[in-house]
Amino acid sequence: MKKTVILALLMAAAGLAGCATAVNGIYHLDPIQYRVRVEKDVMARMRDGTVLAADVYHPVGLDRGPVILVRTPYDKRAPGVVALLQSSLYKLFAGHGYTVVVQDVRGRYASAGEFYPMLNEARDGADTLQWLANEPWCNGKVGSWGGSYFGFTQWAMADADAGAGLAAMVPLITTADIIKLHYEGGAVNLENILSWSTSNRDGQGQKVKPQDLQNGYNHLPLITADNAVSPENVRFFDDTVSYRLPDVLADTAYDDRYKNVTAPALLIAGWYDLFQKYQIEDFRELREKAPPGVGAMSRIVIGPWGHGFFKDPPVKFKHGGIVKLGQLDLTMDFLDAALKGQDTGIENQPPYYLYVMGSGQWVGMDEWPPPEARPTVFYLHSDGAANQRAGNGALSREAPAQEPPDVFTYDPAHPVPTTGGPLLGNDAGPKDQASVEARGDVLVYTTAPLSSPLTVMGPLSVALDAASDALDTDFTAKLCDVYPDGLSVNIVDGVVRARFRDGDLRHPEPIVPGQVYEYVIDLWYTAYVFQPGHRIRLQISSSNFPRFDRNRNTGDNIATGTAMRAARQSVYHDAQMPSRLILSALP
C-alpha cells in the first residue's frame, strides 16, 4: 500500500505553515518500513555550555542508521494543526529508515541562550553534528532538510569547519549568503525584513497585526520602525537599517566557503522567491568550487513559486503549481543515494531542472544560463511622455537617435506601492499591474505585439541613463508580460540606490544634482517565454514601497533621518545615452 502525504506537510515544516491547508496535491512514496517512536526534548550541550533541545524521531527496530537533521527557529512543536503536519512529515522520513532530529536553534522555544538571527548557526550546527556522531543510533551519515531559515542553518554547517560534516543537504527557498538578501541594489529590503524580524523578536515568536506592520513601514525614522510595530526593540532590525549587518555577520559570509562544503545538495528554488538570485548563484558556486564529488552530485530545481502561496494570482502556471514545491519524491531519491548508497538514478538527472514560465514546460539542463543564450537589447523610446501606460513609451531593438528625456516627480511621501514580487506572505508573486501603470510617476515602455515566441533564460538587467535634482535617490525597474487582452503581469523587479550605485555599502557616494549617471539595475534571473501576440513591458520609477524602503531624496542618514523632499527625475534615451533593457534570450 502506497504512503501518501499532503504537500502541506512540507510547507509547514519549512516555516510556511500559515499557507499549509490550501494545498490539495498528493505525493506517492514507497511503503513505510518502520513504526516511529518520538523522544522529546533531548538536550545537546554546545561548546559554551548552552543546551539546545531536540525531538528525535526513531525508526523502531533500526538500531543504527542515517540521520536527517532539521534546525529551526520556528518551534519544533508548533501548536495545533502545524504540529500535526510537521510531525507527520518527520514520521514519514523516519518510517523510511531515517532517524530525524528536529532542534530548536539557540534562544528559541525549548533551547537556551540568546537568539540573534544567523549569528550562532555555524558553531551550534557543528556542535550538533558532533553530538550526533557520538550517538549510538547514528551511523555517521547525517543529512539535513528544510526551507527558508531552516535552509540557512544547513549551509552554515555544511563546510569542513563543521567538524563531523554533513553527507547531504536539501535547502529549500533559501541561500548560503543570507546577508545579501537584506540589501537590494543598496536599498533596504524593508517589507521582508521588518515583518520577519518583528515576528521573531524573542524566544517564543510573536504574531504581528497587519495594521501594526503598515504603521512600521510608514514610520520615520526608519531605525524605530520596529518600535512602531512592537514596543520591544529588535536589535537585528536596527543593525540592518543602519547598514551594520555586514559587519555583525561578517563570519557568515560564504564567498570562500563553497570550496570546503562536504555535502552534495539538492536545492529547490522559486522564480518568485525572495532568495531566487542567491540560491541560483549558490548552486553555481557549489558546482564550480566544491570538491568534485560534491558538485557533481548536486542538483537544483527551480519552479514558478514564491516563499509561500500566491493569493488570487492573475495567471496560472500549468504543470507547475505549488504542489510541486516540496519535490518529495526527488528528495527521497537524493537522500537515499547520498545517505544509504542506494542506486536511485539521481545521478542520471540533469543538474538543472527548470520550469519555463509562459510555456508550462519543465526542462532539464546541463548548464545555466544555457550557452546558446545571448544578451538581447531592447532600447527605451518616447517623445518625452512615457508617463503611465497611456503614454508614448516604447521598447524596440532599434537604437535611439535624438529623443527628449522622460521626466517624472518622485515624492517619497506618496511612493509607488509594491504590487507583487518576491515577498513573504500572500501578496507575493504575479499581480495585475494596472494600478501601478496608471500613475504619473511610473514610466512605461512597451514593445509592439510579438510575431514569434521570445524565450528568455538567464540574467536580466536595465542600464538606465538618468539624472536627479537630489543628492541621493533610487531608480526602480520592473519587467512585465502584457497579454493580448491588456493584462500586465510582473515577472522580475529591481532597484538601485544612487549613493550605492557602485555596489559598496560601506562607502556611499552622493550624486551631483542634475548630472547624468548610468545606473545598472539587476533584475535577477528568469526562464520565461513571451508568446506571440504578447508584449514586453518595462516600468521605470523611483519607488517600490514597502518592498524597498523609501529613499527620502535628502542624502542624510538612512536610518535616523526624517526629512523628505520630492525629486525631479529625468530618464534619457538618445544616441549618447541609450537607456536599455538587457535580456538573455535564446536565438
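Every number here is computed from the coordinates shown, using simple stated rules; none is lab data. As the structure is a computational prediction, the values presented were derived from the model and not from experiment. Here the Cβ is made from the backbone with ideal geometry for all residues, glycine too, and neighbour counts use every protein chain on show.
To the nearest µm²/s, what D does Stokes-Einstein give for region 181-252 at 37 °C and 0.692 mPa s, using the Kirkwood radius over alpha carbon pairs as Rh?
D, rounded to a whole number, is 266 µm²/s.
Between Gln211 and Arg374, what is 0.36 nm times their sequence separation minus the Cα-Cα distance? Round to one decimal in nm.
54.1 nm
For region 32-146, what size does the Cα cloud have along each of its three principal axes, sorted from largest down, in whole Å?
Rounded to whole Å, the extents work out to 39, 33, 19 Å.
Give me the angle, in degrees from 0 to 90, between the Cα long axis of helix 81-95 and the longest principal axis of the Cα atoms of the chain, rounded to the nearest 10.
Tilt of helix 81-95: around 60 degrees.
Have a look at Ala78, Ala176, Asn200 and report the one farthest towards the positive end of the charge dipole of the chain, computed about the Cα centre with Cβ charges (Lys/Arg +1, Asp/Glu -1).
It is Ala78.
Counting only helical runs of four or more DSSP H residues, what would the 222 nm mean residue ellipticity of the chain come to if each run contributes -39,500 (n - 2.57) and the total is spread over all its residues?
About -5500 deg cm²/dmol.
Most exposed first by the Cβ proxy, i.e. fewest other Cβ within 10 Å, how do Tyr272, Tyr243 rank?
Ranked by crowding around the Cβ, least crowded first: Tyr243, Tyr272.
Calculate the dipole size of region 496-565 relative to its Cα centre from +1 charges on Lys and Arg beta carbons and -1 charges on Asp and Glu beta carbons; express the result in debye to the nearest 20. Numbers along the way, then the final one.
On the way: 10 positive and 7 negative charges, 65 e Å.
Computed about the Cα centre, the dipole is about 320 debye.
Could you give the angle, 0 to 90 degrees to the nearest 10, between helix 276-289's Cα long axis and the longest principal axis of the Cα atoms of the chain?
60 degrees
Compute, for the chain, the length of the dipole vector about the Cα centre, with Cβ point charges of +1 (Lys, Arg) and -1 (Asp, Glu) only. Units Debye, rounded to 20.
About 1400 debye.
Out of every Cα pair in region 454-571, what percent are spaced more than 20 Å from each other? Could you put the intermediate results ahead of the total?
On the way: 3224 of 6903 pairs.
Above the 20 Å cut-off, region 454-571 has 47 percent of its Cα pairs.
If I fit a long axis through the Cα atoms of helix 328-340 and take the longest principal axis of the Cα atoms of the chain, what angle between them do I get, 0 to 90°, rounded to 10?
On a 0 to 90 degree scale, this one is about 50.
Can you give me the C-alpha center-to-center distance between region 369-404 and region 515-561, rounded to a whole angstrom?
So the two Cα centres are separated by 16 Å.
Spin-label point model (7 Å from Cα, Cβ direction): what's the Asp247 to Tyr517 distance in nm?
Computed distance between label sites Asp247 and Tyr517 equals 2.2 nm.
Here are several values of mean projected area of the Cα convex hull in nm²: [x] 25.0; [y] 50.4; [z] 28.4. Which one was derived from the coordinates shown?
[x]
DSSP loop (so not H, G, I, E, B), at most 13 other Cβ within 10 Å: list which GluC sites (Glu not before Pro) in region 372-442 pass both filters.
Passing sites in region 372-442 are Glu372, Glu398.
Which whole number in µm²/s is D for region 285-374 by Stokes-Einstein, with the Kirkwood Rh taken over Cα pairs at 37 °C and 0.692 mPa s?
The calculation lands on 220 µm²/s.
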